[in-house]
Amino acid sequence: MEEKAALQAESRKSVAFVTLGCAKNEVDTEHMRERVVCAGYALADDPEEADAIVVNTCSFIQAATEESLEAVFEAADLPNVADGRAALVVAGCMPARYGADLEDELVEAGAFVPCSREDDIALVLAEAIGEAGNGHAPLSGGPSADGEDAAAEGSPAACAPVSAYVKISDGCDRFCSYCTIPFIRGRYRSFPLDEVRAEVRKQVDRGVREIVLIAQDTGRWGADFSEPSTLAALVSTLAEEHPDTWFRLMYIQPEGLTDELLEAVASHDNVCDYFDIPLQHVDADILRAMNRTGSRAEFEALADRVRRRMPHAALRTTLIAGFPGETDERFEDLCSFVENADFDYIGVFPYSREEGTRAHDLPNQIDEDEKFDRAQRLRDLADAVCAPRVAERIGRELDVLVEGREEDGQLFGRAMCQAPEVDGVTYLERGDVGEIVRVRIEDTLLYEMEGA
Ligand code: SF4
């Protein structure tokens with residue numbers, strides 16, 4: 001039996017994935033991985049050993065496109081790809097954004113899978129591997145005995161992480177003037193409640209302790225249903241179905257932060273009192289040019305509204321520096337907002353001038369160096385303001401979800417006020433990975449915390 005399984009494993013074609021970009025892309029890669037496992041492929045950790053490499057690209061700004069291209073060229077240079085033993089497939093945002101132009105120019109790739117076709121990844125691989133492997137047909141077909149073996153051996157379920165992202169919608173209808181996402185990902189589509197529930201159930205069953213709900217515009221979830229629903233209803237349902245699991249919401253546009261949502265977060269202990277609200281700017285004219293709404297006064301009132309309901313909630317935002325028309329005066333106003341902001345974490349990006357967007361053709365573009373200088377000045381201001389806010393947590397008792405150990409053996413985890421990958425971690429002295437441990441915050445260093 002073991003011998004048969006070994007033989008089957010050996011004869012299965014294998015696929016390695018390389019993922020660029022944001023958490024939403026990571027979720028897409030996970031879905032593609034599941035599809036290829038169900039189709040009978042094995043997953044390879046090492047691209048050099050694989051029969052096919054799928055590079056899931058990001059291209060929402062020029063810098064991300066360049067990074068993705070670099071990853072594609074790196075994969076193309078691997079011996080197995082270079083000598084034609086392995087197929088190279090370019091998936092995700094880059095083929096979605098550049099379409100036929102990319103196919104004409106990127107001759108290194110054997111196939112392209114834009115976001116909208118990622119469900120067909122197994123079919124594309126079947127063709128691509130068939131060609132790269134000198135005509136050997138890959139294993140394919142629906143879930144089979146092979147597929148089950150593969151799932152047991154190489155599926156993402158085999159090593160459950162402590163925290164997992166679950167996408168609740170795709171696309172975006174806002175058409176911010178600087179953003180390529182609506183062109184890449186298409187119009188906003190909420191995923192049905194039962195689909196989200198099933199995905200969350202699957203993650204919880206495999207041992208995940210924190211579910212991070214993500215989308216391009218999380219707060220809009222449910223508004224496009226024939227019988228509209230809300231993010232507040234969704235998160236309440238999930239939190240009540242899984243009382244031992246943490247739920248975290250990311251990317252809530254300011255309009256999505258309703259009183260109903262605040263109430264849903266405040267009334268469930270297992271929903272993180274954490275709000276990630278991309279503001280992008282605070283000047284009303286700049287926001288209008290961005291095709292967004294709001295003003296400094298409105299955003300200050302919004303932060304105030306959250307604080308009044310949940311004084312200890314963590315607030316995160318992102319800002320864009322150097323948008324066309326950002327005069328010195330408008331930039332100084334943005335600096336003053338950051339200096340006085342009631343936010344715990346502030347991410348800053350220099351404006352990226354993207355072909356095909358409306359902002360690309362706006363007058364009064366800012367010089368590249370100046371944009372980077374402004375972004376750096378805002379980051380420095382943000383650190384100076386946010387670090388003391390983090391230090392205010394010293395002496396408080398917080399639950400920490402234990403995530404793992406550093407190379408030197410130091411245990412670390414995250415409190416509810418720390419989102420994965422962006423807000424630092426909490427170092428602690430006891431607990432097992434996946435356990436939630438109550439600690440007292442003893443010290444902080446910039447965004448890191450130390451608990452005992
Ligand atoms: S909300 Fe604006 S910035 Fe965010 S994905 Fe949609 S269009 Fe892009």
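The values are calculated or read from the model by the stated rules, or taken from the named source; none is laboratory data. Quick caveat: nothing in here was measured; it's all calculated off a predicted structure. Quick reminder, even Gly has a Cβ in these numbers, built from the backbone with ideal geometry, and neighbours come from all protein chains shown. Just the protein is used for accessible areas: all its heavy atoms, side chains included, with ligands, DNA and RNA removed. Shrake-Rupley method; radii C 1.70, N 1.55, O 1.52, S 1.80 Å.
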Output ³J(HN,Hα) for region 417-426: one whole-Hz value per residue in order, computed from phi by the Karplus curve 6.51 cos²θ - 1.76 cosθ + 1.60 with θ = phi - 60°, and x for Gly and Pro.
7, 10, 7, x, 6, 10, 10, x, 10, 10
Which percent, to the nearest 5, of DSSP beta bridges fully inside the chain are antiparallel?
35 percent
Top positive-direction residue, dipole computed over the chain with Cβ charges, set Ala39, Val306, Leu398:
Val306
From Cα pairs below 8 angstrom and at least 6 apart in sequence, can you work out the relative contact order of region 397-451, rounded to a whole percent?
37 percent
What are the ³J(HN,Hα) couplings of region 114-125, residue after residue, when phi is run through the Karplus curve with 6.51, -1.76, 1.60 and θ = phi - 60°? Round to Hz, x for glycine and proline.
x, 3, 5, 10, 5, 5, 8, 3, 5, 5, 4, 5
Please give, to one decimal in nm, the separation of the simple spin-label points placed at Ala391 and Arg201, each 7 Å out from Cα toward the Cβ.
4.9 nm
Cα-based Debye curve of region 161-391 sampled at q = 0.07, 0.13, 0.15 Å⁻¹ gives log₁₀ I(q)/I(0) of -0.24, -0.82, -1.06
What is the percent carbon and sulfur in the accessible area of the chain, measuring with a 1.4 Å probe over the protein chains and ignoring ligands?
48 percent
Is the C-alpha gyration tensor of region 49-131 telling us rounded, prolate or oblate? Criteria: a/c under 1.5 is rounded; beyond that, a/b larger than b/c is prolate, otherwise oblate.
oblate
Quick one: if the Förster radius is 25 Å, what FRET efficiency do Glu407 and Glu429 give, using the C-beta to C-beta distance and rounding to 0.05?
0.90
As a test of the formula, what do you get for the chain when each DSSP H run with n ≥ 4 contributes -39,500 (n - 2.57) and the sum is divided by the residue count, at 222 nm and rounded to the nearest 500 deg cm²/dmol?
-12000 deg cm²/dmol
Need one word for region 174-261: rounded, prolate or oblate. Basis is the Cα gyration tensor (sqrt eigenvalues a ≥ b ≥ c); a/c below 1.5 gives rounded, then a/b vs b/c decides.
prolate
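Would region 397-451 count as rounded, prolate or oblate if I go by the C-alpha gyration tensor, calling it rounded below 1.5 in a/c and otherwise prolate when a/b exceeds b/c, oblate otherwise?
rounded
Give me the accessible area per residue for the chain, probe 1.4 Å, as a whole number in Å².
Per-residue accessible area for the chain comes out at 45 Å².
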Provide the per-residue ³J(HN,Hα) series for region 288-299, in order, calculated from phi with Karplus coefficients 6.51, -1.76, 1.60 and θ = phi - 60°, each as a whole number of Hz, with x at glycine and proline positions.
5, 5, 7, 6, 10, 10, x, 7, 4, 4, 5, 6
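Express in % the proportion of alpha carbon pairs of the chain at distances exceeding 35 Å.
36 percent
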Using only Cα atoms, locate the centre of region 411-452 and the centre of region 193-211, then give the distance between them in Å, rounded to an integer.
24 Å
Subtract the Cα-Cα distance of His31 and Glu74 from 0.36 nm times their separation in residues, and report this length gain in nm to one decimal.
13.1 nm
What order, most packed first, do the peptides 84-90, 191-197, 223-229 have when packing is the mean number of other Cβ atoms within 10 Å of each residue?
84-90, 191-197, 223-229
Sort 291-299, 266-274, 53-61 by the packing proxy (mean of other Cβ within 10 Å over each peptide's residues), most packed first.
53-61, 266-274, 291-299
Do you know the relative contact order of the chain, to the nearest whole percent, from alpha carbon pairs under 8 angstrom that are 6+ apart?
10 percent
Subtracting the Cα-Cα distance of Met310 and Arg189 from 0.36 nm times their residue separation yields 40.5 nm
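What does the charge count around Ala23 come to, taking other residues whose C-beta lies under 9 Å from its C-beta (Lys +1, Arg +1, Asp -1, Glu -1)?
Numbers: positive: Lys24, Lys167; negative: Glu26, Glu421.
For residues surrounding Ala23, the net value is 0.
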Each label sits 7 Å from Cα toward the beta-carbon; between Asp361 and Arg117 the label points are separated, in nm, by 2.9 nm
